[in-house]
Amino acid sequence: MPGRFTLESGRSIERPVTAYETWGAFRGDNAVLLTTGLSPSAHAARHDPGDEPGWWEEMLGPGKPIDTDRWFVVCCNVLGGCHGSTGPSSKNPATGEPYALDFPLVTLRDMMRLQHDLLAHLGVGHLHAVIGSSMGGMLALEYGALFPDGVDRLIAISASGMTHPFAIALRHVQRRAVMLDPAWRGGRYYETGQPAAGLSLAREIGTITYRSDVEWTNRFGRAWHDGDLFDFGGQFEIESYLQHQGQKYPRSYDANSYLYLSRAMDLHDLGRGRGGLVEGVRTIRARTLLIGVTTDVLIPVSEIDELSRAFVQAGNPTGRLVLDIETGHDSFLIHPDAFGPPIADYLTAE
């Protein structure tokens, strides 16, 4: 691993750490990199029955769609995260204190270059596939563009070729919720405690976009949770659910990492510095499968289609699969029955 890692911005980080987990046995040509979304750690699945469940437990393991009897799978916590990899909550070797906002802004390309270095450290010179969902899908696409001879297949789920204004606007408001919390203290809250209220609100806003109106209607309708109907303390079921999702988030995630990774997703653009989206896609040589969901409001099917057309214009036709599922952007976490078969087939197709 590098002693000093230079970022796209020109700034550098001394001896960055990448937290990772592996499953299966490496046999030279069977390596699969699993890239993560905003919040998950590298712990995608159990190694032993007594382990804590992972975030993609039903998809990864012996005999599962990503079959670890066949594939050697590597999953990393991204640079800038807070689950073991170097990020704003890590100690700055120059000061001995947490970096906070002294941590440099990182991009998805920075994250993938560092994970490429890790793979080389593990002796993995070539990947059979990179698979990712949401931010992980963006990372998978960037890996293919950065290392076109280093991977045979890409599977990008609920990921666009560039981040569009709607998503940027949403994340702007989420970051503002964190930064306007007095407890944020300009990012230097590590001795005084998380800006829990702001981070909780940001998570509630995000949760709205991760699912769909169809699901909310079918799941909650206008059901009342508790309290007086004519008092602001009363809640609909949907309000109670969002509040619960928001309140538990600060217990597991660092607010500054949230800001950094959120911004990295805003900066996502395969065409940046490559002559536009089509030329950016043209650098990708891997067989690529794009998967979208009809009810996804964060990465709508129109953005999957935009990226698919760019592949066609670049002379690299790609597989396109749109699943009609009511649970929106987070469907990949909820419906392994829908995502498992096409992913397993694409990994093994001749």
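The values are calculated or read from the model by the stated rules, or taken from the named source; none is laboratory data. Remember, predicted model here, so these are calculated numbers, not experimental data. FYI the Cβ positions are ideal-geometry reconstructions off the backbone, even for glycines, and counts take in every protein chain you see.
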Residues located in region 182-227, provided they are part of a loop (DSSP other than H, G, I, E, B) and within 18 Å of Pro88 (Cα to Cα) = Arg188, Tyr189, Tyr190, Glu191, Thr192, Gly193, Gln194, Pro195
Matching entry among Ala159, Ala129 (being surrounded by 24 or more Cβ atoms within 10 Å (Cβ to Cβ), more than 15 Å from the chain's Cα centre (by Cα) and not hydroxyl-bearing (Ser, Thr, Tyr)) | Ala129
Residues that are at pLDDT below 95 and either surrounded by 17 or more Cβ atoms within 10 Å (Cβ to Cβ) or small (Gly, Ala, Ser) (or both), drawn from region 40-50 | Gly50
Going by the structure shown, is Glu57 closer than 20 Å to Asp345 by Cα and part of a loop (DSSP other than H, G, I, E, B)?
-> yes
Is it fair to say Glu306 is more than 22 Å from the chain's Cα centre (by Cα), at pLDDT 95 or above, of a type in the set (Asp, Glu) and farther than 25 Å from Val32 by Cβ?
-> no
Quick one: Gly206 ticks every box in (1) surrounded by fewer than 21 Cβ atoms within 10 Å (Cβ to Cβ); (2) closer than 24 Å to Pro165 by Cβ bar one, so which box is it?
-> (1)
Would you confirm whether any residue within region 315-334 is closer than 22 Å to Leu34 by Cα, hydrophobic (A, V, I, L, M, F, W, C) and without any contact (Cβ under 8 Å) to a residue 12 or more places away in the chain?
-> yes
Inspect all residues belonging to region 133-156 and state whether any of them is touching a Ser or Thr at 6+ places or on another chain (Cβ under 7 Å), of a type in the set (Val, Ile, Thr) and in the same structural domain as Thr294 (by TED's automatic domain parsing).
-> no
